[in-house]
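The values are calculated or read from the model by the stated rules, or taken from the named source; none is laboratory data. None of these values were measured; they are calculated from a predicted model. Please note: Cβ atoms are built from the backbone with ideal geometry, for glycine as well, and neighbour counts cover all protein chains shown. These area figures cover heavy atoms from the full protein model, side chains too; ligands, DNA and RNA do not enter into them. Shrake-Rupley method; radii C 1.70, N 1.55, O 1.52, S 1.80 Å.
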Amino acid sequence: MQNIHRHLYKALTAYRKVLKEAKTAHDQDKARKAFHTKLWQNRYLVFTNDEHLSPEQRQTLDELLAEHADTIVEQIVVFRHHLRTMFNESESFVTALEHLATLILDGWADVSAAFGTVMTFLQEHFDNICTYLRVPLVQRNSLSECTVRSLRRIEHIRQGFKTQQGRVNHLKLLQWRTYIRSTD
């Protein structure tokens, strides 16, 4: 999600810059500056999950969406909602894959370059992103996903492990290295 948010945030800042630099009539210019300022002051609400919004923040986000209807701001909020549905409500890997197919067919890659990059990233790494749905006993959290990804990198470099014990030993080394690095 960090990678996805990074690209969507770039799209939001690009929209803000276009909004800021647009030349309009004097009265429209004041309204545009107010919209620009409000959007910039509340930009993180666009990336906040609904369950973490207070009623005041929800109202501010609704006002932002009304002011920026049919723009990249609204598209980011809708896209994030689709992603959360895909990752949180999928009971199986097949269901998550169907959600991804729906996003592809809906043409999200064509919305902007940032959405295209995000969709390409999702398609290339979907198996690894949804490891928690495909492999039993893999928990869904960033630590497990990062550990599995790191283990796969080691395995790829070594062309596999000779034994299961060798795989477990490398995993322990990886965990110790990560733990020691975080305590320094």
Do we have any residue at all in the stretch 143-157 that's open to solvent by less than 70 Å² (accessible area, probe 1.4 Å) and modelled with pLDDT of 75 or more? no
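Tell me which residues, restricted to the stretch 104-126, are among the small types (G, A, S) and open to solvent by 70 Å² or more (accessible area, probe 1.4 Å).
Restricting attention to the stretch 104-126, the residues satisfying the condition of being among the small types (G, A, S) are 107, 109, 112-114, 116.
Scanning the stretch 104-126 gives a single hit, A113.
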Looking at the stretch 43-69 only, could you name the residues that are free of Cβ contacts under 8 Å to residues at least 12 places away in the same chain and open to solvent by less than 30 Å² (accessible area, probe 1.4 Å)? L53
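Listed residues E63, E56; which is under 19 Å from L19 (Cα atoms) and assigned to a helix (DSSP H, G or I)? Walk me through how you get there before you give the answer.
Working: E56 fails: under 19 Å from L19 (Cα atoms).
Within the list E63, E56, the selection yields E63.
Among residues belonging to the stretch 103-125 that are part of a helix (DSSP H, G or I) and among the small types (G, A, S), point out the one that is modelled with the highest pLDDT. Full working, then the answer.
If we filter the stretch 103-125 for residues that are part of a helix (DSSP H, G or I), which is where we start, we get 103-105, 108-110, 113-125.
Okay, now just the ones that are also among the small types (G, A, S), so 109, 113-114, 116.
Numbers: A109: 87, A113: 87, A114: 87, G116: 90.
Filtering first and then ranking leaves G116.
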Conditions (1) at pLDDT 80 or above; (2) out of contact with any helix residue (DSSP H, G or I) (no Cβ under 9 Å at 6 or more places or on another chain): number failed by R181: (1)
Out of everything in the stretch 71-103 that is among the β-branched types (V, I, T) and touching a residue at least 40 places away in the same chain (Cβ under 8 Å), what residue ends up being surrounded by the fewest Cβ atoms within 10 Å (Cβ to Cβ)? T71
Condition first: part of a helix (DSSP H, G or I) and either modelled with pLDDT of 80 or more or among the acidic types (D, E) (or both). Can you find one or more residues in the stretch 30-37 that meet it? no
